[in-house]
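Student: One structure is given below, represented as structure tokens, and several questions about it will come after.
The values are calculated or read from the model by the stated rules, or taken from the named source; none is laboratory data. Keep in mind that this is a model prediction, so the values were computed, not measured. Cβ placement follows ideal geometry from the backbone for every residue including glycine, while neighbour counts extend to all protein chains displayed.
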Amino acid sequence: MTTTADPTRPVEQARRLHTEIPGPHSRDLQQRRAATVAGGVGSVLPVYVTRASGGVLVDVDGNSLIDLGSGIAVTNVGNSAPEVVDAVRQQVADFTHTCFMTTPYENYLRVCEELAELTPGTHDKRSVLFNSGAEAVENAVKIARHATGRHAVVAFEHAYHGRTNLTMALTAKAMPYKHGFGPFAPEVYRVPMSYPARDGLTGPQAAHHALSRIDKQLGADSVAAVVIEPIQGEGGFIEPAPGFLPGIAEWCRDSGALLVADEIQTGFCRTGAWFASEHENVVPDLITTAKGIAGGMPLAAVTGRAEAMDAVHGGGLGGTYGGNPVACAAALATIEAMRERDLAGAAQEIEALVRPRLRALADRTDVVFDVRGRGAMLAIEFVRPGSSDPDPELTARIARRCHEQGVVVLTCGTHGNVIRLLPPLVIGHTLLDEGIRVLEAAVDEHAR
């Protein structure tokens, strides 16, 4: 039996636990799932949600959980943001689909106009809309290859770019993303990422190390694109040392390769700026966006220099659902909400509140190797006591304890030893404080 939520009743922004987590109704649904849903689809926390708002998820057992994951950096404006809900309702009432490639509509144009204004750089830009981040990355590579006439694509250690065949080739982590799914798309090459906590290199030194590998093993004139996350997501929230990204960008300008910034997780105010590239004044040639763009509706984009984007022949880009009118309406409402509420500033406030407490955790235990990230994209890397050896088991225990206490946190990292925090940018300070207190208690408990 599933409880029925009252859609007219506001979701209280508080943690309330009425059962164990997951509760009996969620466990019943989990049994039904096993009979119909493919086993390859995982869930971090098998509680079945009936309502969500702001920074709270309400499950079928009536439990209210603090959301420090935002659906993996999607609901930056909060779940079911009123502006987004109103825009979606209006668009659904007007029409749900025509396919932009068949009979176009203005909202697609308006989203592209917003992207031209918001993304880094004042150059002439064009955009094309898709459904998912993986689609955006894959099409960015297509565009780069077509525009340059070259084939080689460079990606980085610890990278994550998606689950399609080409984006799996770009992704570094085997399990669970690549194992058993090959062979993968060719002409993808991997070089070292700046990882300040582990490589001890400055940004320029790390850039020189990576670029010398490209020059020696590929040759600059063969590279169509260098694809990089300005702050790596699934790979562990690795923030490169200052100077690394500008060094990569300069090499791309000199060599004729296109710099593709994968801002799918870092974009739309998440790091305290509209885009993470802005923190070092890096202007990508192409930028991929998704996740936070549309308040939970599926939408993605490639935005880039007009000369590169327009190099592709007519009909070479698109897709049946790409730039769906309902998703476009949601995106326009989401972007306006971010502007009006200054959610980039809100992300900076979240960092100011949370980072010192994570740093204090590191200072009082010997299992925290690094605290890193920007804005509301923060992470703790866990290691075995007194060493630099990754400890995924400890990380999993801490995350599980948070889940049991009604706080949704996510793990990540090549070794699974990082807890990442991605709270909605609209989360109240009291609720955020409570979520962090639960995390602190879990670390203190399991770090003994």
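Student: Say whether the condition of being within 21 Å of the chain's Cα centre (by Cα), surrounded by fewer than 20 Cβ atoms within 10 Å (Cβ to Cβ) and free of Cβ contacts under 8 Å to residues at least 24 places away in the same chain is met by at least one residue in the stretch 370-391.
Tutor: No, the stretch 370-391 has no match at all.
Student: If S222 satisfies all but one of (1) without any contact (Cβ under 8 Å) to a residue 40 or more places away in the chain; (2) under 17 Å from H151 (Cα atoms); (3) not charged (D, E, K, R), what's the number of the condition it fails?
Tutor: Among (1) without any contact (Cβ under 8 Å) to a residue 40 or more places away in the chain; (2) under 17 Å from H151 (Cα atoms); (3) not charged (D, E, K, R), the lone unmet condition for S222 is (1).
Student: Select, from T50, T98, T19, the only residue that is without any contact (Cβ under 8 Å) to a residue 60 or more places away in the chain, more than 20 Å from I293 (Cβ to Cβ) and in a loop (DSSP other than H, G, I, E, B). Before the answer, list the steps.
Tutor: On the way: T50 fails: in a loop (DSSP other than H, G, I, E, B); T98 fails: without any contact (Cβ under 8 Å) to a residue 60 or more places away in the chain.
Result: T19 is the single residue among T50, T98, T19 that is without any contact (Cβ under 8 Å) to a residue 60 or more places away in the chain, more than 20 Å from I293 (Cβ to Cβ) and in a loop (DSSP other than H, G, I, E, B).
Student: Sticking with this structure for a sec: So how many residues does the stretch 253-268 have that are under 23 Å from the mean Cα position of the chain (by Cα) and assigned to a loop (DSSP other than H, G, I, E, B)? Step through it out loud before you land on a result.
Tutor: Of the residues in the stretch 253-268, the ones under 23 Å from the mean Cα position of the chain (by Cα) are 258-268.
This time we only want the ones that are assigned to a loop (DSSP other than H, G, I, E, B), so: 263-268.
Selection size over the stretch 253-268: 6.
Student: Looking at G256, G235 in this structure, which one is surrounded by fewer than 16 Cβ atoms within 10 Å (Cβ to Cβ), of a type in the set (G, A, S) and under 30 Å from S127 (Cβ atoms)?
Tutor: None of the others qualify; the one that does is G256.
Student: I'm trying to understand the selection: among the residues of the stretch 53-84, which are in contact with a strand residue (DSSP E or B) (Cβ under 6 Å, 6 or more places away or on another chain), under 10 Å from G296 (Cα atoms) and either in a loop (DSSP other than H, G, I, E, B) or of a type in the set (F, W, Y) (or both)?
Tutor: G78, S80
Student: Something else now. What is the number of the single condition among (1) at pLDDT below 95; (2) closer than 30 Å to R150 by Cβ that P284 does not meet?
Tutor: It fails just one condition, (1).
Student: Here are some residues: P424, P385. Which one is assigned to a loop (DSSP other than H, G, I, E, B) and within 17 Å of I72 (Cβ to Cβ)?
Tutor: P424
Student: A follow-up question, please. Name the one entry in G296, G345 that is at pLDDT 95 or above and touching a helix residue (DSSP H, G or I) at 6+ places or on another chain (Cβ under 8 Å).
Tutor: Selected residue: G296, the only one of G296, G345 that is at pLDDT 95 or above and touching a helix residue (DSSP H, G or I) at 6+ places or on another chain (Cβ under 8 Å).
Student: Mind checking which helices (runs of 4 or more DSSP H) fall wholly inside the stretch 300-366 and carry at least 2 residues that are in the same structural domain as T119 (by TED's automatic domain parsing), buried (at least 24 other Cβ atoms within 10 Å of the Cβ) and in contact (Cβ under 8 Å) with a residue 24 or more places away in the chain?
Tutor: 325-341
Student: Still on this structure, I have one more. Of everything in the stretch 269-291, what is outside any helix (DSSP H, G or I) and either among the basic types (K, R) or not assigned by TED's automatic domain parsing to the domain that holds D254 (or both)? Give them in sequence order.
Tutor: R270
Student: Within the stretch 392-423, track down each residue that is crowded, with 20+ Cβ neighbours inside 10 Å, over 18 Å from I231 (Cα atoms) and either among the acidic types (D, E) or under 18 Å from the mean Cα position of the chain (by Cα) (or both).
Tutor: Answer for the stretch 392-423, where residues must be crowded, with 20+ Cβ neighbours inside 10 Å, over 18 Å from I231 (Cα atoms) and either among the acidic types (D, E) or under 18 Å from the mean Cα position of the chain (by Cα) (or both): V408, V409.
Student: Filter the stretch 104-126 for residues that are over 20 Å from the mean Cα position of the chain (by Cα) and among the aliphatic types (A, V, I, L, M); which is surrounded by the most Cβ atoms within 10 Å (Cβ to Cβ)?
Tutor: A116
Student: When you look at D61, is it in contact with a His (Cβ under 6 Å, 6 or more places away or on another chain) and in contact (Cβ under 8 Å) with a residue 12 or more places away in the chain, yes or no?
Tutor: yes
Student: While we're on this one: Restricting attention to the stretch 262-293, which residues are small (G, A, S) and without any contact (Cβ under 8 Å) to a residue 60 or more places away in the chain? Steps first, please.
Tutor: Step one: of the stretch 262-293, the residues small (G, A, S) are 267, 272-273, 276-277, 290, 292.
Passing the criteria: only G267.
Student: Regarding A140, is this residue farther than 30 Å from V56 by Cβ, surrounded by 23 or more Cβ atoms within 10 Å (Cβ to Cβ), modelled with pLDDT of 95 or more and in the same structural domain as V188 (by TED's automatic domain parsing)?
Tutor: yes
Student: Please verify whether G373 is assigned by TED's automatic domain parsing to the domain that holds G71, under 29 Å from H279 (Cα atoms) and part of a strand (DSSP E or B), treating the condition exactly as stated.
Tutor: Yes.
Student: Moving to a separate point now. Could you check G121 against (1) under 28 Å from A257 (Cβ atoms); (2) small (G, A, S); (3) not in a loop (DSSP other than H, G, I, E, B) and say which number it fails?
Tutor: (3)
Yes/no per residue for (1) more than 21 Å from the chain's Cα centre (by Cα); (2) within 26 Å of G71 (Cβ to Cβ); (3) aromatic (F, W, Y):
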| position | (1), (2), (3) |
| --- | --- |
| L201 | yes, no, no |
| A207 | yes, no, no |
| L211 | yes, no, no |
| Q217 | yes, no, no |
| D221 | yes, no, no |
| A225 | no, no, no |
| E229 | no, yes, no |
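Student: Let me ask something else about it. Assess whether A249 counts as being farther than 26 Å from R420 by Cα, assigned by TED's automatic domain parsing to the domain that holds T303 and not basic (K, R).
Tutor: Yes, satisfied.
Student: Then there's this: Give just the number: which of (1) under 26 Å from L299 (Cβ atoms); (2) crowded, with 20+ Cβ neighbours inside 10 Å does L211 not satisfy?
Tutor: It fails just one condition, (1).
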